[in-house]
1. Taking segment 1-57 on its own, how many of its residues are under 18 Å from the mean Cα position of the chain (by Cα), closer than 23 Å to residue 97 by Cα and polar (S, T, N, Q)?
2. Determine whether residue 83 is under 23 Å from residue 22 (Cα atoms) and of a type in the set (S, T, N, Q).
3. Would you list the helices (runs of 4 or more DSSP H) that sit entirely within segment 94-182 and hold 1 or more residues that are modelled with pLDDT of 80 or more and over 23 Å from the mean Cα position of the chain (by Cα)?
4. Name every residue in segment 80-113 that is touching a strand residue (DSSP E or B) at 6+ places or on another chain (Cβ under 7 Å), of a type outside the set (D, E, K, R) and either surrounded by 16 or more Cβ atoms within 10 Å (Cβ to Cβ) or within 20 Å of residue 26 (Cβ to Cβ) (or both), in order of residue number.
5. So which residues in segment 37-59 are over 18 Å from residue 11 (Cα atoms) and either touching a strand residue (DSSP E or B) at 6+ places or on another chain (Cβ under 9 Å) or surrounded by 16 or more Cβ atoms within 10 Å (Cβ to Cβ) (or both)?
6. Got a number for residues in segment 57-114 being closer than 28 Å to residue 139 by Cβ and small (Gly, Ala, Ser)?
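The values are calculated or read from the model by the stated rules, or taken from the named source; none is laboratory data. Here the structure is a predicted model, which means the values were calculated and not measured. Glycine also receives a Cβ, built like all others from the backbone with ideal geometry; neighbour counts cover every protein chain displayed.
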Amino acid sequence: MNQIFATTIASLLNQALQLNPTCLAALNEISDKVIHIILTDTGHSFSLFPDDKGIFILSDYKGEADVTVEIAPLTLLHLVLNSTANLDNTTEVNVSGDRVIAEKILLIIKELDIDWEKQISKKLGSVAYIFGDTIRSSQDYMSKHINNLTTNLIHQLNLPTRMEMQNLTAAVEILTSDLDRLEQQAKELT
């Protein structure tokens, strides 16, 4: 991620924060903290620097971070856009450092509730609501077809479902725990 892209994201995020004073004020809780995000499998990373005026983003910060989050780009998008997703119920997220900071910034971003149609209508008039209806219809259509495509791919490629993968992961964790306990008992016997 280059600095121009990071600056653009920060600008959009800060504009949204300005429209939601509650979220902007919530940044005080994590002011002067450094949140380092590593986008796995991309070689890109960026650091967030929140304060009471907004969030500054650097793509090449090399200093200490209060929390580091390693996450795939699509998982990050899912985490931000899905209202029920959080760090505890999202797989493929590795958090090191102060987890509370990561949870707070995620919550602040998720709570950004901006009426974009209203903001656009201030510039374009009522035509913005027509665009809004079109976008919502397109999103519903795409969501339906993406879900169908995902289901068909899983079935055709004979891939495990998300639930099956979660069950397998849980079983491996239990097995690992049992093996560690057995190893400890064996050490005590010798």
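1. Number of matching residues: 4.
2. Values: under 23 Å from residue 22 (Cα atoms): yes; of a type in the set (S, T, N, Q): yes.
It is true that residue 83 is under 23 Å from residue 22 (Cα atoms) and of a type in the set (S, T, N, Q).
3. Working: elements: 99-110, 116-124, 127-156.
Output list reads 127-156.
4. Across segment 80-113, the qualifying residues are 87, 93, 95, 97, 101, 102, 105.
5. Residues satisfying the conditions are 38, 39, 40, 44.
6. Here the count works out to 4.
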